[in-house]
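Right, one structure below, let's go through it.
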Amino acid sequence: MNAPAGGAVQGPLAIGVDIGGTKVAAGVVDAAGRVVARARRLTPSRDHRAVEACIADVVGVLREQHEVVAVGIGAAGFVDAERARVLFAPHLAWRNEPLRDAVQEVLGLPVVVENDANAAAWAEWRFGAGRQESRLVCVTLGTGNGAVQRGRYGMAGEFGHMVVVPDGHRCECGNRGCLEQYASGNVLGREARELARAGSPVTVPLMERVGGDIDALVGPVITEAARDGDPCAIELFEEVGRWLGIGLANLAAALDPGMFVIGGGVSDAGELLLRPARESFRRTLTGRGFRPEPRIVTAALGPEAGLVGAADLARAG
Ligand SMILES: [Zn+2]
């Protein structure tokens with residue numbers, strides 16, 4: 001956690017719970033955004049009652065040691081604008097689930113439910129890369145400008161599903177040509193495997209890296225190869241970065257933020273991704289040369305951002 005080092009724990013404390021497809025991570029978060037205690041469990045199968053019991057369990061464990069004022073739940077799914085119901089969660093059993101009321105009743109504490117990406121964006125704005133920035137956009141995360149932009153029905157900020165290539169690659173959302181099919185970590189692996197299957201000689205060093213197993217060509221392997229200077233891996237990053245830059249330029253045309261914070265696994269690659277993204281952003285930005293340019297930076301808080309943001313939003317009420 002990149003919170004201010006040292007110093008006493010600052011109250012009031014709140015608990016943040018991040019519900020992912022595989023694990024439930026919870027933490028006690030202080031008013032400076034520091035995680036002062038943690039608990040985690042595997043996400044229970046597909047039974048939503050079991051997930052709610054699991055939330056009550058981790059919160060109970062943390063409350064034994066810390067007095068808290070509220071609980072924030074970050075869920076990977078569509079959360080309604082009242083922050084009470086999970087309308088749909090692709091990786092979980094929730095369908096129009098009144099999660100807030102169900103958990104609030106068990107815990108006897110105020111509960112806020114937020115989309116996990118919005119929660120992470122909030123944390124980056126409060127305690128991370130976006131501090132001091134009045135208007136920022138977190139990509140792969142959500143949008144924030146002092147109030148998370150949820151839209152009328154709670155579904156704003158799904159930038160990854162803006163269609164950028166009509167009839168392009170199929171997306172899990174059901175459409176074709178969504179931005180995330182061109183500007184995300186998964187693309188690195190998909191393109192590398194396609195090149196390897198086509199027998200392209202540029203992939204020979206990559207194939208040696210994975211012992212000839214094409215299916216092992218995934219994002220983290222490509223990132224490592226690019227860091228080692230592999231020309232094919234670097235080229236794949238330039239392609240993904242180019243698309244990211246185009247996507248950001250479109251977002252800048254619509255939202256005019258002061259900063260873009262790039263999160264998600266692929267952002268670990270840092271400048272390998274951001275340099276080509278900035279170049280293509282500059283080439284694509286409308287009104288370029290006649291407007292201040294937003295900064296493009298990587299997220300600062302890491303995988304606990306969602307938990308920290310959920311806790312802080314709950315504390316704010
Ligand atoms: Zn899509």
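The values are calculated or read from the model by the stated rules, or taken from the named source; none is laboratory data. These numbers were taken from a predicted model, which means no experiment stands behind them. With ideal geometry, Cβ positions are generated from the backbone for all residues, glycine too; neighbour counts draw on all protein chains shown. For accessibility, only protein heavy atoms count, side chains too; no ligands or nucleic acids. Shrake-Rupley method; radii C 1.70, N 1.55, O 1.52, S 1.80 Å.
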(Q) Quick check on region 235-257: of everything there that is under 10 Å from S280 (Cα atoms) and of a type in the set (A, V, I, L, M), which residue is surrounded by the fewest Cβ atoms within 10 Å (Cβ to Cβ)? (A) A249
(Q) Which residue is farthest from A277 (Cα to Cα), if the candidates are limited to region 154-184 and must be among the acidic types (D, E) and under 18 Å from the mean Cα position of the chain (by Cα)? (A) E172
Q: Considering only region 18-54, state which residues are open to solvent by 10 Å² or more (accessible area, probe 1.4 Å) and closer than 19 Å to L87 by Cβ.
A: D18, G20, G21, T43, R46, D47, H48, R49, E52
Q) Taking into account only those residues within region 191-220 that are within 30 Å of N250 (Cα to Cα) and at pLDDT 95 or above, which is most open to solvent (accessible area, probe 1.4 Å)? A) E194
(Q) Just the residues that are of a type in the set (A, V, I, L, M, F, W, C) and under 17 Å from R242 (Cα atoms), please, taken from region 257-274. (A) F260, V261, I262, V266, A269, L272, L273, L274
Q. Among A314, A300, A305, A310, which is the only one that is under 21 Å from the mean Cα position of the chain (by Cα) and in a loop (DSSP other than H, G, I, E, B)?
A. A300
Q.
Just to be sure I understand, how many residues within region 118-131 are under 14 Å from the mean Cα position of the chain (by Cα) and open to solvent by 20 Å² or more (accessible area, probe 1.4 Å)?
A. 3
Q) Pick from region 159-217 the residues that are farther than 26 Å from I262 by Cβ and touching a Lys or Arg at 6+ places or on another chain (Cβ under 6 Å): which of them is farthest from the ligand (Cβ to nearest atom)? A) I214
Q.
Which pairs turn up if I take residues in region 296-312 that are among the basic types (K, R) and look for partners that are open to solvent by less than 10 Å² (accessible area, probe 1.4 Å) with beta carbon separation below 6 Å, at least 6 apart in sequence or on another chain?
A. none
Q: For region 1-115, please list each of the strands (runs of 3 or more DSSP E) lying entirely inside it that holds at least 2 residues being within 23 Å of the chain's Cα centre (by Cα) and at pLDDT below 90.
A: 86-88, 95-97
